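Working notes for the structure below.
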Amino acid sequence: MFSTAFKPSTDIQTDQPQLVPLSWTLDHFRTAIDSDGFWLFWRNSLLLTVGAVLLALVVALAASFAVARMRWRGRRAFLVLIFAAQMAPWESLIIPIYIMYRDADLLDRLPALTLIYFMITLPFTIVVLRNFLATVPEELEEAAQVDGCTRPAAFRRVVFPLLAPGLMATSLFGFITAWNEFAYANFLIIKDQDSRTLPVWLTSFQNTFGTDWGATMAASSLFALPALLIFLLLQRQVTSGFASGAVKA
């Protein structure tokens, strides 16, 4: 993808392709950046993704604490439902969600699409944070309570800082999932073209005359950069977060 983005158009569709371009050009990146709505769709995707991830973290943190630290009737059934929601293919719900959104007049609304992304990322976030929280000894909270902290204060001051790797891991997964989502953004944003997201915008380089592969690859490269950069910056925290979260199930 990155290699093709830098190739001249004459070198892209050739019977002797080269992995490393023989000549380089930035024309495809200029075409992608100068296309209508690039920065608008970039903002839409960023707002949707960040909003969904933050909302999922807040709800999942409370849910995972209730599951990992408290004993209440229906806890196991709740976990089973969470795992079932994680395994369910979200694409199978497009039609009923579309009908509900149409009847509720929620089509072409970015906040409504954020709610979908939140629901998609929430089950995985709860599972990982619950497993990670289970590895933190309860004695740490009890010691803080003996020293005078309330239970919420003990969680905020003692447990929450230890959850940083788990929060990083789940945030990255949620970011990639929401950032790459195409189906719901394509079906729920119909009339208001200014509310489209970057995955839908990528299809604009296809027309009846063919596909502009150079611009498509350049746009895809720009689209992939945020997730790639975030992963590289948080690589250590993400690795330790997934490893720690998998210790207990």
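Read-outs: derived from the displayed coordinates by stated rules, not from any lab. These numbers come from a predicted model, not from an experiment. When we count neighbours, we look across all protein chains shown, and the Cβ atoms used for this are built from the backbone with ideal geometry, even at glycine.
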Hypothetical label at Arg43: residues of segment 187-226 whose amide nitrogen lies under 13 Å (7 Å Cα-Cβ projection): 194-196
Cut-off under 5 Å, modelled amide H: who pairs with Ile189 long-range: Asp108
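With viscosity set to 1.567 mPa s at 4 °C, what whole-number translational diffusion coefficient in µm²/s follows for the chain from Stokes-Einstein and a Kirkwood radius over Cα pairs? Don't skip to the end; give the middle numbers.
On the way: Rh = 20.6 Å.
D = 63 µm²/s.
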Full-extension gain in nm, Val20 to Ala224, via 0.36 nm per residue minus C-alpha separation: 71.5 nm
Label-point separation in nm, Arg69 to Lys191, each point 7 Å along Cα→Cβ: 4.7 nm
Where a label projected 7 Å from the Cα of Thr10 along Cα→Cβ would reach, residues of segment 195-235 with amide N under 17 Å: 214
First select every other residue whose beta carbon is under 13 angstrom from the beta carbon of Gly214; then total the charges, Lys and Arg +1, Asp and Glu -1. -1
Testing the spin-label approximation: label points 7 Å from Cα along Cα→Cβ at Val59 and Asp36. State their distance in nm. 3.5 nm
How far, in nm, would the chain grow between Ala104 and Thr135 when pulled straight, counting 0.36 nm per residue and subtracting the alpha carbon separation? 6.9 nm
FRET E, pair Asn207, Phe83, Förster distance 51 Å, beta-carbon r, rounded to 0.05: 0.75
Taking the radius of gyration and the Kirkwood hydrodynamic radius from Cα positions alone, what is the Rg/Rh ratio for segment 139-200, to two decimal places? 1.37
Per-residue [θ]222 nm for the chain (sum of -39500 (n - 2.57) over DSSP H runs n ≥ 4, rounded to 500): -21000 deg cm²/dmol
Given contacts defined as C-alpha pairs under 8 Å and at least six residues apart, what's the relative contact order of the chain, whole-number percent? 33 percent
Kindly rank 31-39, 120-128, 86-94 from highest to lowest mean number of other beta carbons found within 10 Å of each residue. 120-128, 31-39, 86-94
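In the chain, which helices (entire DSSP H runs) extend 20 Å or more along their own long axis, judged by Cα positions, while averaging at least 0.0 on the Kyte-Doolittle scale?
The answer, listed by residue number, is 38-69, 110-134, 164-180, 213-233.
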Two-decimal Rg to Rh for segment 1-112 - Kirkwood Rh, Cα set: 1.19
